[in-house]
Structures are given as C-alpha cells and as structure tokens.
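The values are calculated or read from the model by the stated rules, or taken from the named source; none is laboratory data. Please read these numbers as outputs of a predicted model, since none were measured by experiment. Quick reminder, even Gly has a Cβ in these numbers, built from the backbone with ideal geometry, and neighbours come from all protein chains shown. What goes into the accessible areas is simple: the full protein's heavy atoms, side chains included, and nothing from ligands, DNA or RNA. Shrake-Rupley method; radii C 1.70, N 1.55, O 1.52, S 1.80 Å.
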Amino acid sequence: MGATITFIAEKPSIARALVRAFSIVYKLKFKGKKSKYSRFNYLFHSSLTDQEIQFNIKNDEYRLRNGDEMIITSVIGHLLNFDYPPPFDKDTNWQNSDPIDLIDLDPIEVPIQENLVLHIKDVGSKSDVVVIATDWDGHGESIGRQIVEIASQGNKRIRHGRMRFTSTNPFALQRAFESQTNLDWDWIKQVDSLRKQDLRMGSSLTRFLTVGVQNYGIQNQMISYGPCQTSVLWLITNRFLENRNFTPEKFWKASIKIKAFEEPFFLEWKGNPSIDEKKVDSLILELKKISKGIITEYNEEKGIIKRPLPLDTDTLESECAQFFKISPKQVADVAEKLYNNGFITYPRTESSFYHEKDLTELAKKFLSNNEFGKIAKESIELGGTTNPSKGRFTKDHEPIKPVKSIDRSDIEKTFSKVPSLINSAWNIYSYVVWRFLATIHIDATVINQYIILSAVSDEFSATGRKIVDPGFLAFYTFRTVSEKKLPQFTKDQEYEFEPYKHQGFTTPPHLWSESQLIRKMSELNLGTDATRSTHIDTVQKRNYTIVQGPKRVLIPTKLGLALYQVLTQNAEDLILPEIRGKVESWTMQIRDHEKTPEDVDNLVIELTTHGLQKLKANQEEIFNILVQNFKDMTGIGITLGICPDCNGNLVLQQGKEKSRFLKCSNPLCEASFPLPKKGIISSIDDKSCLICNGTPLLISSKFHSWVMCPICWTRKADKDRPWFCSDCDNEICPFSGSWKIFSPEQQIGSCPECEGEVSLFLSDKSSHIECKKCKKTWKTPKLRKGTSITPSDPCSNCGRKTLFIIKTGKKPYRLCVFCSLFFFENE
C-alpha cells in the first residue's frame, strides 16, 4: 500500500487553489467529495500514476511514487479557542461568578467546531505526512500547531511539514511544497500568549461591565471590552473631545506683494504666524516706510520625488479606504478574495521591500493589457524592474503585488455571485497594479526653487517647484504633486513691494477618518497589520462609534463616550493605547527569548487585577452612567404608546440578540408587540392609527424610512409580513397609502427675521418653511415619491430644528435650511 500525504489549508478557497495548482503543475486528476464530518469541507483525492514528485521538509528529502495518494482538505481558521474551565466558561451564567476570579485562571483550549476536530483526526489517522498550508502569519502558525496536535491524536507516527507561500499562483505553490520548513514554535508561543492575554483581560472586564448594566436595568445587553477595541475607542473619543472643546485663537501673518509682476506674487514673513498683533503692526509700519527690499538668495536645486514604496497592508487599507470611500475592513475582505482567486499576493504583510532582485517577468505579464501595458513596457525599458523602490525588509511576507494580468471582465466573472463587490474589487486590483508599476518606474525629477528677500532686518521667503520629468507621476494618479514656478528674480537687486497684514484663527484637530486611524494605529503599534481594520470595524458593531460623512470620520456614540469616561476616570491603564502596545511588546519578547509565557501571564494578571479592583470600587456610579447613556442612545425604556388591552404604557424593551419590542408596563398584562431590529424608532406626536387607535412609529434605517403601527403589525398583518402602514388601503387613516404625508404642519423654532415662529408645511408634493407672523418662506428639498422630510434634532449652530431628509436609495442626512449646514446620519 502506498503512502498518503495530506495538505491541510486554512480555508476552503486555498484548498481549491492547491487542487488547481497541482492539476496544472503535476498533471494530477483530483476527485472531490464532502467530508462526513463537515458539509463545508471537501476532501480532494488523487493517486499518482507513472509520476515521481520530490519534495523536502527542512533537510529531509521525500519522494512520492506510483500508487501514493495525495489528499487536499482544509479547516476554517482556528480549530481551538481559549476559554476557561467550567463553571467559568463563556456558556456559564455570568451572574454566578466573580469576574476578578477569572484573571488568575489558566485558560484551556476548547474546540470551536467539534466536527472540524473530528475531520482532522480522521484524515490524520489515514496519513503518513501532513503538510500545513495555512497563511504565513502568526495565526497561521498557531492554526498549524493545532492541526498537527489534533492529527497526531489519530496517528502518533505522523510527520508534518510547513508550506510557506505568499501567492496562490500554481508555480508559487509548487515551490512552497517542494521546499518546506518546520513550524516556528517561538512564533506560536508568542501568538498563543497574546490570545490568552486577550481572553484574560477581555473576559473579566466584559463580564463585569455586562453583568453590571443588566443588574441596573438593561437586560440582554452586552458591554464588550477588548484591549484593542477600547484603545481604538480611546483614540477616536479623545480626538473627538479635543475637537469639540477646542477654543480658536487669533493669529496674524505679514506678507509682501512684489510690484514688478503683473500676476500677484507674495512672499511670507519668516515669523508667521504670530500671536503678537503689536509686533506684526510694527513690522507692517516699518515696511510701508521703505517699500522695497533686496533679494539675498535665489536658488534652484535639482531634486527628485521618490517613487512610492512597495505595498504593505496598512498602506493598502488606509489609501484604498481614502480613495474609494469604503471601510478598511471592506478593503481587507475584498483583498483577501482577490488573493484567494490568484489575482494578487498575500494581502497581510508589513514588508515594503521586494524579495526578488528582478521583476521583469512579472512586468511582462502586463504588456498585452490594454490598461497597464504601455506603462509596463516603459518600466522595463527604463530599467526600473531591476531597481525598484525599497522600504522596510521583513522575513515573512513579500509586499503586496499583482500575480496575473486581468481586466474588468475577469473581475465581473469572478464576483458574479456578489455583484456589489465588483467595483471595489476592480478598484483595489487596479490600485495594486498601478502601485506595483509605480515602484518599478522612475522617480520624478524636479527643480526646487527658494527665494529670500531682506527688508527692515527681516526675511521674507517663498518656495517653488518646476517638474522636469514627471516619471511615475505621469500615470500614478494616487499621488498629486502640483507645479508652482517662481517668477524670475535677480539676486542682489532691489524690488518694490506692498505689505499686507492677515488675521486668522487656529483650527481644531481633525476628527479621525478610518484611513487616518489605520496609520495612527500602525504608528502606535496597536494591533497587527492583519487586525487593525477589524478593530475599527468592531467598535462600530458594538455601537461605540459611528462613521459620518463622505470622508468617513469616526465619532463616539453616547455609549462610547460613557465607556470612555468610566474607563479613563477609573482605570486608565485599561484603555490607553500605550498599554495595549506594551502587552503586545511583552509577547513579542517571548519569540526573542527575552521573556517566558509565564512572565507575560504574571504581568497581565497584575495589570488587569489592579484596573478591575478600581472599577469595582466605583461600580454604582459607573453603571448609572453607562445605563443612562445607553437609554439615551437607544430609547430603551421610553414610552411609545398605550396598551390596547389595559391602557398601560407600552415601553420599548430590548430582547436577546438585539431584538426590540413594546411591552406593557402593567405587570398583570402580557401584551407585547415586536419591532424591527434595525433603524431609529421615533413616535409621531398627536396622531393615532384610525384602525386600532395605537400610536404609529417612524422607523428610519440607513437608506429608507417608513411608518408602522406596531399593534396593527402584530395583530392585523397576515403571515406575509412585513405589513406596514404604506401597505394599508384604509382611506381615512392619514398613515395609509404608499407615500402619504403625515403631520402637514410642524414647528421648527423661532423666526430669524421677526419674533414669530417658523413651521414646516407639507402638501401633496411640495414642502416649505414659513413664518406665520412675517410670512417669510424658506425653500426645502423637493418632495418626491420615496422622499420623506421630518423635523429632527436642533442645529448645533442656531438651535432651530433641522430637517431629516430621507430619499430612497440615498444616504439620509439632516439639513439646517437657515445655516445651510449638512449633518450625515447613521443607523
């Protein structure tokens, strides 16, 4: 009987890539069948006939011969996760354990999916050699360790190898198979230690916060703590508070306009900006007296604008998020799919230094491409393929680059089942190709100009730039460099001028956008290149932050502000980004043999215990703050109507998995009315449903809004829900029909022209704001089918109510018609 070699990939898509690669390279024919343990996993079998395949594991040589069998299968990420033994595990009633007891416990590994563990045991029992084909990163190494340990339970004699690859190109996979290594056990210890510390800190604090808010009246709500996600929350909230509390300060600038040129040309004072107005006034007065100065320096120096560095993960996610107006998490997910389909190399890397000395062969793949071919040819002819730009060198992955030349039709075919991803996938693939071509093209050549004029013992200067050869700038649209030529001056010659004084105000620090936050997290060593986008996504899913506007800036919610407040004031070490970076640096020292895993355990136990004890000392104040802000944010606990059975109040409640419903406040009444899970819920004042006399609600979600009567929806709708007021054909109810307008007159606030009151007036297909006293009117957006206009929160500038505008298929926003200010809304 022949030998059996089994390849175990980290995900099914990589298993299919291995099948495709070995079918091409070794001419093998595979037959696939579903695993008996998991419907998501396949086993691909092939027997060798008239073939011999040689491969190495470290320094040992192996041969596959006629009759030997090759099996390819996969797991789905980690097989085992860290948890605590009962009664402290995650499925135990959290009310029955003290969170502080968790900190000293040593976590154990438990199966995530028992069927996948049985699957690996089964294939291990039938294999002579197991080849680990997981991702080339720390978590891939840890998953490889889990695979080896589980497979060995069914076969103590099994041997294992480790494929390391950064591309699913068939020949890259062939090279990785034929020259295997061993698992990096030091790396595994580092990663597993960090996973333990995340559990230790996250579980104890999450349980403390969650049990607390539930005991204080918010049932079925989890307040999640994670060392990374709360550090991200700190960055977002701290910048938000700096921005909101910023007080502008005046400053002054002095400049001179040279009279010798037709076009206005200004030189700036070297003391700009100045907070001393008297000093600037004195300078302007002196300048007016002489009105001329001497050119003491006029230099032109040749310079270059360097090509961009080879692409790493942080740059990919931050720049694509910025350019294409999507989240870094979306960028990461789409890049992963491009990699799985063999279009680009592995998209998680810190390296910006190409491992290859000659990239000519890769560039040649694009010569026939209609979009990239011309620049690829230029790059080869200019010699850039053997002299690319160089950045940071790391031993693990090479920089992200394209693997094959494709066009948009290939993307459309590949993503045909998820057409919403086609544009993003093509944009990201194109960006990767243009970035690669820019790194192997040539630098831009410029002439940098610098001029200094001396007058009244002070200097005034200006800089300019002339582009001699645009180089990569001619095609790389992701970097814009403008040309600003200085007029021709003569050194040591006098020029007449006219002085100017300018007043300005300091500006607040900008709110973090998602793309900027990725760079900041990288700078602080917060998270890894593979996890930073996930942490930003997590704080949004936890309702701690929201994204606003086309620039996708992040601001905290009321719950996020409250969590920031209680952690910062009571246990700052548990939220500061520097502390998270310190924990990660401790685990990295394990790999460098400077610390043991036990050393790191003790340090984190001490840090977490100290923080949790301080929180427990002020828990009443903490949970009152969290609960009140949660209620203010979600509306949980507010009254939204009268019970039709007993006339009690219908109170908004939250159930399991964030379900929402109205529950009668009368403890003897069992009336309950379910509501949609998503969307902002608000009541429509002074109006009743004419069918059931209930209070209709306005549900506003990301792109739509509609009116529903929860009582009708529960008791009168048929089994073909959803059934909303827009589906009702009652002719007398003001809420029925497909798009009838409710509340024809709604008050907005005081009139800016007189002492009267302004109101929003709605008719069949038009709307406007009018003052009842002076009759002045203000225009509002046109009211068409699929559009709703309702008064909303007060304007932060004038205090009058804004208009909440919802148009089908477009992002909702708030508008103050008096200040012309826009406020973008999120769920």
**OP:** Determine whether I380 is β-branched (V, I, T), open to solvent by 30 Å² or more (accessible area, probe 1.4 Å) and touching a helix residue (DSSP H, G or I) at 6+ places or on another chain (Cβ under 7 Å).
**Re:** yes
Subject >> Residue identified as closer than 21 Å to E381 by Cβ, touching a Ser or Thr at 6+ places or on another chain (Cβ under 9 Å) and of a type in the set (A, V, I, L, M) among L338, L367, L309 >> reply: L367
Subject >> Test: N243 is touching a Lys or Arg at 6+ places or on another chain (Cβ under 7 Å), farther than 30 Å from I5 by Cβ, surrounded by fewer than 18 Cβ atoms within 10 Å (Cβ to Cβ) and in contact (Cβ under 8 Å) with a residue 40 or more places away in the chain >> reply: no
**OP:** Give me the pairs, please: first residue somewhere in the range 281-310 and open to solvent by 90 Å² or more (accessible area, probe 1.4 Å), second residue anywhere and among the charged types (D, E, K, R), beta-carbon distance under 6 Å, and either six or more positions apart or on two chains.
**Re:** K292/E494; K292/E496; I304/D443; K306/D443
Original post:
Of all the residues that make up the range 5-31, how many are open to solvent by 10 Å² or more (accessible area, probe 1.4 Å) and closer than 24 Å to K121 by Cβ?
Top reply: 8
Original post:
Taking the range 581-595 as the region of interest, how many residues are part of a helix (DSSP H, G or I) and of a type outside the set (G, A, S)?
Top reply: 9
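R162 - would you say it is within 17 Å of A15 (Cα to Cα), of a type outside the set (A, V, I, L, M) and either out of contact with any Cys (no Cβ under 7 Å at 6 or more places or on another chain) or surrounded by 22 or more Cβ atoms within 10 Å (Cβ to Cβ) (or both)? I'd like the intermediate steps shown before the answer.
Working: within 17 Å of A15 (Cα to Cα): yes; of a type outside the set (A, V, I, L, M): yes; either out of contact with any Cys (no Cβ under 7 Å at 6 or more places or on another chain) or surrounded by 22 or more Cβ atoms within 10 Å (Cβ to Cβ) (or both): yes.
Taking the combined requirement at face value, the residue satisfies it.
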Subject >> the range 118-136, subset among the hydroxyl-bearing types (S, T, Y) and open to solvent by less than 10 Å² (accessible area, probe 1.4 Å), residue farthest from N155 (Cα to Cα) >> reply: T134
Original post:
Which of the residues belonging to the range 431-460 are under 30 Å from S352 (Cα atoms) and open to solvent by 10 Å² or more (accessible area, probe 1.4 Å)?
Top reply: W434, R435, I442, D443, T445, I447, N448
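This table checks each residue for (1) at pLDDT 80 or above; (2) within 41 Å of the chain's Cα centre (by Cα).
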{"residue": "W723", "(1), (2)": "no, yes"}
{"residue": "P734", "(1), (2)": "no, no"}
{"residue": "Q747", "(1), (2)": "yes, yes"}
{"residue": "L760", "(1), (2)": "yes, yes"}
{"residue": "K765", "(1), (2)": "no, yes"}
{"residue": "P794", "(1), (2)": "yes, yes"}
{"residue": "C798", "(1), (2)": "yes, yes"}
{"residue": "T802", "(1), (2)": "yes, yes"}
{"residue": "S820", "(1), (2)": "no, yes"}
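Within the range 486-500, can you find the residues that are outside any loop (DSSP other than H, G, I, E, B) and open to solvent by 50 Å² or more (accessible area, probe 1.4 Å)? Spell out how you get there, then give the answer.
Here is the first cut: in the range 486-500, the ones outside any loop (DSSP other than H, G, I, E, B) are 494-500.
Across the range 486-500, the qualifying residues are E494, E496, E498, Y500.
Yes/no per residue for (1) modelled with pLDDT under 85; (2) buried (at least 20 other Cβ atoms within 10 Å of the Cβ); (3) in a helix (DSSP H, G or I):
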site: F623; (1), (2), (3): no, yes, yes
site: L652; (1), (2), (3): no, yes, no
site: K678; (1), (2), (3): yes, no, no
site: T695; (1), (2), (3): yes, yes, no
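Scan the range 406-423 residue by residue and report those that are open to solvent by less than 30 Å² (accessible area, probe 1.4 Å) and under 24 Å from the mean Cα position of the chain (by Cα). So that I can check it myself, show each step before the final result.
Taking the range 406-423 and keeping what is open to solvent by less than 30 Å² (accessible area, probe 1.4 Å), we get 406, 411, 415, 422.
Correct list: I411, F415, I422.
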**OP:** Scan the range 452-485 for residues that are touching a Ser or Thr at 6+ places or on another chain (Cβ under 8 Å) and either assigned to a loop (DSSP other than H, G, I, E, B) or among the small types (G, A, S) (or both) and jot them down.
**Re:** S454, G471
Subject >> Any hit, the range 387-405, residues being modelled with pLDDT of 90 or more, open to solvent by 30 Å² or more (accessible area, probe 1.4 Å) and under 18 Å from S167 (Cα atoms) >> reply: yes
Original post:
Quick one: what pairs do we get from the range 571-591, first residue surrounded by fewer than 19 Cβ atoms within 10 Å (Cβ to Cβ), second among the charged types (D, E, K, R) and not in a helix (DSSP H, G or I), C-beta under 8 Å, 6+ apart or different chains?
Top reply: Q589/K595
Original post:
Pick from the range 263-276 the residues that are outside any strand (DSSP E or B) and under 44 Å from the mean Cα position of the chain (by Cα): which of them is nearest to F489 (Cα to Cα)?
Top reply: F265
**OP:** Could you look through the range 345-368, keep only residues that are in contact (Cβ under 8 Å) with a residue 12 or more places away in the chain and assigned to a helix (DSSP H, G or I), and pick out the one that is farthest from S424 (Cα to Cα)?
**Re:** T360
Original post:
Restricting attention to the range 327-344, does a residue exist that is on the phi > 0 side of the Ramachandran plot, in contact (Cβ under 8 Å) with a residue 60 or more places away in the chain and buried (at least 17 other Cβ atoms within 10 Å of the Cβ)?
Top reply: yes
**OP:** Taking the residues in the range 218-233 that are touching a helix residue (DSSP H, G or I) at 6+ places or on another chain (Cβ under 6 Å) and open to solvent by 40 Å² or more (accessible area, probe 1.4 Å) as candidates, determine which candidate is farthest from A571 (Cα to Cα).
**Re:** N220
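Among the residues of the range 532-570, which ones are of a type outside the set (A, V, I, L, M) and open to solvent by 40 Å² or more (accessible area, probe 1.4 Å)?
Going residue by residue through the range 532-570, those that are of a type outside the set (A, V, I, L, M) are 532-535, 537-538, 540-545, 548-552, 556-558, 560, 564-565, 568-570.
The answer is T534, Q540, K541, R542, N543, Q548, P550, K551, R552, K558, Q565, Q569.
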Original post:
Looking only at the range 395-438, which residues are of a type in the set (S, T, Y) and closer than 17 Å to E371 by Cα?
Top reply: S405, S409, Y429, S430, Y431
**OP:** Answer yes or no: is there a residue in the range 219-239 that is within 23 Å of Q589 (Cβ to Cβ), touching a Ser or Thr at 6+ places or on another chain (Cβ under 9 Å) and of a type in the set (F, W, Y).
**Re:** no
